[in-house]
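Participant: My questions all concern the structure below.
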Amino acid sequence: MNSIPTAVSIRAVAKHFGQFVAIREMSFDIADNEFFTLLGPSGCGKTTLLRIIAGFENTTSGTVLLFNEELKNLPPNQRPVNTVFQNYALFPHMSVANNIGFGLHMLGWSRKDIDDRVDQMVKTVRLEEFINRKPAQLSGGQQQRVALARAMAPKPKVLLLDEPLSALDLKLRQQMRAELKALQKETGITFIFVTHDQEEALTMSDRIAVMSAGEVQQIGSPSEVYEQPASRFVAEFIGDTNLLDASVVSAQSNQHNQVDVKLDSGECIPATAASPHALENGARGHLSIRPEHITLNALSTTNDLAGTIRNTTYLGTDTQYEIKLDSGVNLFTRTQNSGNQQHNFSIGNKVNVSFAPNSARFLSH
Amino acid sequence: MFTGNNNRTYNPRRYPGFLFITLVCLLILYAPLLVVMGYSFNDNLSITKWSGFSLRWYTDVFTGPEAAKFKKAAWNSLSIALSAALVATSFATAAAIGMVRGGAFNGKTLSFGLISIPIMVPEIVTAVAMLIFFSMIGLKLGYLSILIAHIVFCIPFAYLPISARLQGIEASFEEAAQDLYADRWKAFRYVLMPLMLPGMLSGFLLAFIISLDDFIITNFIKGAGVETLPTAIFGAVKQGIKPNIMALSTLMLLFSVLLVSLSYFIGRTDKEKNDAN
């Protein structure tokens, strides 16, 4: 057994709304103290899964376990989990203090205990001077903090966050990311965070479950899902990538899933297969290469891939190059601007293109 | 929109005779009321001959020979209106929560129709139907039959502002309450009801006015000896109009205007609050 207890266990959970399948059968575990993110485009089932954990929706089949206890038919008010809602859902007729104390009041805490806990929470979210205000008198960021404090006041075992940053402007969103992450580390509460924003997911999460069309595509650390995407969807949804049609020419049976693939344009390239299964020769798929993993060099005589710079875009920290390989394939690359002039290329320059075999991910169909 | 000298702007105020027609309409609407109000202060037994200002007919309403009858009728009217409005508001609140929060269910459109149709049914039809129904089930006509009838026809009037209000309240407030350990009753008591309250007050006041004002249905099913203010006034007028009826009518009018204004201000401040958000 793992030494870290499992906070939430999703076991063969499926959810149908009539004919519509919101969640196909999925199973995975979320560890205690983990900042776990459900990432996916709208309609992928991430919010439905969150609402199932909170108790607002029943599963069509399967169960959810919270610290090894089955939750199946418990109503939301009997589950030791709290939610930060997308629109915050702060009670407009109550002061900040009464909003934060609401859960404690419902749990039957004494007046004094409630006051102490509310004081502690407003200090945590730095809203001491706003304690008697109504939610409508607060800015978006302050409302966000009240929603957090209200959800965390009853000391839930798991905190569910439904796109809590989506209503904030960019600057505030970036600031709140750091605050949320710090708050999670400080309190040790398991966070389950729903977002469609890959940057949010990458910067805050311990692990990310990438979802699409009701299915989990991949679960892994931010670097795993970015560097080693398991499917075309993950490679495209998280960050930018070059996707090239290719087929396997020699599947090596040794470790690291090394394969040689042949691009449809003719080049043979050593790559890493994302699939754990053995690949047959001729299997078709896509080669995914992150633009920043590609190195450009002035044309030399070695038999690297050769091409011509078609366009350059200056992005501040990076420069993006569009390259047309001699075989006709288009690639784009990103090179960090080091201030060193010799690495700069201009339109029409002939260049060699190179990348490590483990940067070229073969994603089978 | 440009409202200046733009010829294409539709502005009825520029039509010839606009002011004149407006004044005529207002006169037709309000002149009878003004006459009643004015002549209620007339110091004369005749209802058409003015002979100076006096409050004698107001005194007469409270101390004159018919005072006991009016007092009884007023008490019946107020107590029935209060009870009917309270019960109707509770029923309408439950109906609104079921209709607005119940999700999609079979016969939802039909249910909404069944709730609101009574507003459109001619009152005389309802009155006859209720009279027949009460005599069929053997209910003795009197205070109770009036109360039941008033509760029934007040429900749709109370329902409309309550359901309109509830439709503007996001379901996430109740979900947040339940998420924070409130059971269904506490979520209603501490979160939903305070948010619905302006709608419930509007519904209550509307139901109260409708009940207070009702004549046709009440007249059919009141039975002998039980009067509400409208039926008492009608009874008194049948013997010839005395100025004390004008005083009584003016008092009722003022009371109704007061309640309607109250209802309007509750609704308005609420809308302004929403606009500010």
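The values are calculated or read from the model by the stated rules, or taken from the named source; none is laboratory data. Owing to the predicted nature of the structure, the values given are computational and were not obtained by experimental measurement. Positions of Cβ are backbone-derived with ideal geometry, glycine not excepted, and every protein chain shown enters the neighbour counts. Calculation scope for accessible area: heavy atoms of the full protein, side chains included, ligands and nucleic acids excluded. Shrake-Rupley method; radii C 1.70, N 1.55, O 1.52, S 1.80 Å.
Participant: Provide the gained length on full extension for the span A:ILE4 to A:ASP169, in nm with one decimal, where the gain is 0.36 nm per separating residue minus the Cα-Cα distance. Each step should come with its number before you reach the end.
Facilitator: On the way: separation 165, 0.36 × 165 = 59.40 nm, distance 3.63 nm.
Stretched out fully, the A:ILE4 to A:ASP169 stretch lengthens by 55.8 nm.
Participant: To the nearest 500 deg cm²/dmol, what mean residue ellipticity at 222 nm is calculated for chain B from DSSP H runs of n ≥ 4 alone, each contributing -39,500 (n - 2.57), summed and divided by the residues? The partial results should precede the final answer.
Facilitator: Numbers: 12 runs with 200 residues, N = 277.
Calculated at 222 nm, the ellipticity per residue is -24000 deg cm²/dmol.
Participant: Check cross-link reach from A:LYS324 to the lysines: straight Cα distance under 22 Å, and skip same-chain residues fewer than eight apart.
Facilitator: Correct list for A:LYS324: A:LYS262, A:LYS350.
Participant: Can you list, largest first and rounded to whole Å, the semi-axes you get for chain B by taking the square root of 5 times each eigenvalue of its Cα gyration tensor? List each step's numbers first, then the result.
Facilitator: Details: eigenvalues 295, 185, 69 Å².
They are 38, 30, 19 Å, listed largest first.
Participant: Could you tell me which of rounded, prolate or oblate describes the stretch A:57-121, using a ≥ b ≥ c as the square roots of the eigenvalues of the alpha-carbon gyration tensor, with rounded for a/c under 1.5 and, failing that, prolate when a/b is larger than b/c and oblate otherwise? If you can, show how the numbers build up before the last one.
Facilitator: Working: a/c = 2.98, a/b = 1.82, b/c = 1.64.
In terms of gyration-tensor shape, prolate.
Participant: Show me the ranking of peptides B:191-197, A:167-173 by mean Cβ neighbours inside 10 Å, starting with the highest. Please report the intermediate quantities before stating the final value.
Facilitator: On the way: B:191-197: 18.3, A:167-173: 13.0.
Descending mean neighbour count gives B:191-197, A:167-173.
Participant: Separate question: Per residue of A:53-60, count partner chain C-beta atoms within 10 Å of its C-beta, then hand back the mean as an integer.
Facilitator: Working: counts 0, 3, 3, 5, 0, 0, 0, 0.
That works out to 1 on average.
Participant: Going by average Cβ neighbours within 10 Å, how do the peptides A:41-51, A:14-24 rank, with the highest at the top? Before the final figure, lay out each step's value.
Facilitator: On the way: A:41-51: 20.3, A:14-24: 14.6.
Those peptides, ordered most packed to least, come out A:41-51, A:14-24.
Participant: Can you tell me what share of the DSSP beta bridges in the stretch A:6-232 is antiparallel? A percent to the nearest 5 is fine. Show your work: numbers first, answer last.
Facilitator: Values: 20 of 38 bridges.
Percentage antiparallel, nearest 5: 55.
Participant: Find out how many positive minus negative residues lie around A:HIS286, taking Lys and Arg as positive, Asp and Glu as negative, among other residues whose Cβ is under 9 Å from that of A:HIS286.
Facilitator: On the way: positive: A:ARG232, A:ARG284, A:ARG361; negative: A:ASP245.
Spelling it out: positives minus negatives among the neighbours equals +2.
Participant: Let me ask something additional. Going through the cross-link list A:LYS112/A:LYS185; B:LYS72/B:LYS222; A:LYS15/A:LYS185; B:LYS140/B:LYS222, which pairs have a Cα-Cα distance over 21 Å in this structure?
Facilitator: Numbers: A:LYS112/A:LYS185 28 Å; B:LYS72/B:LYS222 14 Å; A:LYS15/A:LYS185 32 Å; B:LYS140/B:LYS222 10 Å.
Distance filter (> 21 Å) returns A:LYS112/A:LYS185; A:LYS15/A:LYS185.
Participant: Now, a different point. Between the stretch B:82-108 and the stretch A:212-249, what's the alpha-carbon centroid distance in Å?
Facilitator: Cα centroid to Cα centroid, the span is 51 Å.
Participant: A follow-up question, please. Just subtract the alpha-carbon distance of B:SER135 and B:SER54 from 0.36 nm times their residue separation and send over the number in nm, one decimal.
Facilitator: Taking 0.36 nm per residue and subtracting the Cα distance, the gain is 24.5 nm.
Participant: Taking just the alpha carbons, could you work out the radius of gyration and Dmax for the stretch A:269-339, both in angstroms?
Facilitator: Rg and Dmax of the stretch A:269-339, Cα atoms, are 14.9, 46 Å.
Participant: I want the local charge near A:GLY188. Using Cβ-Cβ distances under 11 Å, sum +1 for each Lys or Arg and -1 for each Asp or Glu among the other residues. Please list the in-between numbers first.
Facilitator: On the way: positive: A:LYS155, A:LYS157, A:LYS185; negative: A:ASP32, A:GLU34, A:GLU186.
Overall, the nearby charge balance is 0.
Participant: What is the average number of partner chain Cβ atoms found within 10 Å of a Cβ in B:193-204? Write out the running numbers ahead of the final one.
Facilitator: Details: counts 0, 4, 3, 0, 1, 0, 0, 0, 0, 0, 0, 0.
That average works out to 1.
Participant: Can you work out the Karplus-derived ³J(HN,Hα) for every residue in the stretch A:319-333? Use 6.51 cos²θ - 1.76 cosθ + 1.60 with θ = phi - 60°, whole Hz, and x for glycine or proline.
Facilitator: Each residue's phi maps through the Karplus curve to give 10, 9, 10, 9, 10, 9, 5, 4, 7, x, 6, 9, 10, 10, 9 Hz.
Participant: Taking a ≥ b ≥ c as the square roots of the Cα gyration tensor eigenvalues, with a/c under 1.5 meaning rounded and otherwise prolate when a/b beats b/c, else oblate, which class fits the stretch A:47-197?
Facilitator: Working: a/c = 1.79, a/b = 1.27, b/c = 1.41.
Oblate.
Participant: Which of A:LEU159, A:LEU74, A:LEU331 moves most in a GNM of chain A, Cα contacts under 10 Å?
Facilitator: Answer for the Gaussian network model of chain A: A:LEU74.
Participant: Over chain A, what is the relative contact order in whole percent, taking alpha-carbon pairs under 8 Å and six or more residues apart?
Facilitator: Values: 762 pairs, mean separation 54.6, N = 365.
It comes to 15 percent, rounded to a whole number.
Participant: How many angstrom lie between the C-alpha centres of the stretch B:115-156 and the stretch A:70-121?
Facilitator: Each part reduced to its Cα centre gives a spacing of 46 Å.
Participant: Can you tell me which of B:ILE117, B:ILE266, B:ILE47 moves the most in a GNM of chain B? Springs connect C-alpha atoms under 10 Å apart.
Facilitator: Largest GNM mean-square fluctuation: B:ILE117.
Participant: Further, regarding this structure: Computed on protein heavy atoms with a 1.4 Å probe, what is the summed buried accessible area for the chain pair A and B, in Å² to the nearest 100? Present the calculation step by step, with values, prior to reporting the outcome.
Facilitator: Working: alone 17780 and 17230 Å², together 33070 Å².
Using a 1.4 Å probe on protein heavy atoms, the buried area is about 1900 Å².
Participant: Using a Gaussian network model on chain A with a 10 Å cutoff between Cα atoms, which of A:LEU104, A:LEU315, A:LEU263 fluctuates the most?
Facilitator: Highest fluctuation among the options: A:LEU315.
Participant: For the stretch A:1-41, what's the relative contact order in percent, using C-alpha pairs closer than 8 Å and at least 6 residues apart? Could you put the intermediate results ahead of the total?
Facilitator: Details: 49 pairs, mean separation 16.8, N = 41.
Dividing the mean separation by the residue count of the stretch A:1-41 yields 41 percent.
Participant: Something else: Cα atoms only, chain A: Rg and Dmax in Å?
Facilitator: Using the Cα atoms of chain A, the pair Rg, Dmax is 24.7, 80 Å.
Participant: Still on this structure, please answer the following. Largest first and in whole Å, what are the equivalent-ellipsoid semi-axes of the protein assembly as shown based on the Cα gyration tensor, each being the root of 5 times an eigenvalue? Before the final figure, lay out the partial values.
Facilitator: Details: eigenvalues 1072, 180, 117 Å².
Over the Cα atoms of the protein assembly as shown, the semi-axes work out to 73, 30, 24 Å.
Participant: Also, quick follow-up: How well do other chains shield peptide A:93-105, expressed as the mean number of their Cβ atoms within 10 Å of each residue Cβ?
Facilitator: Taking all residues of A:93-105 together, the mean is 3.
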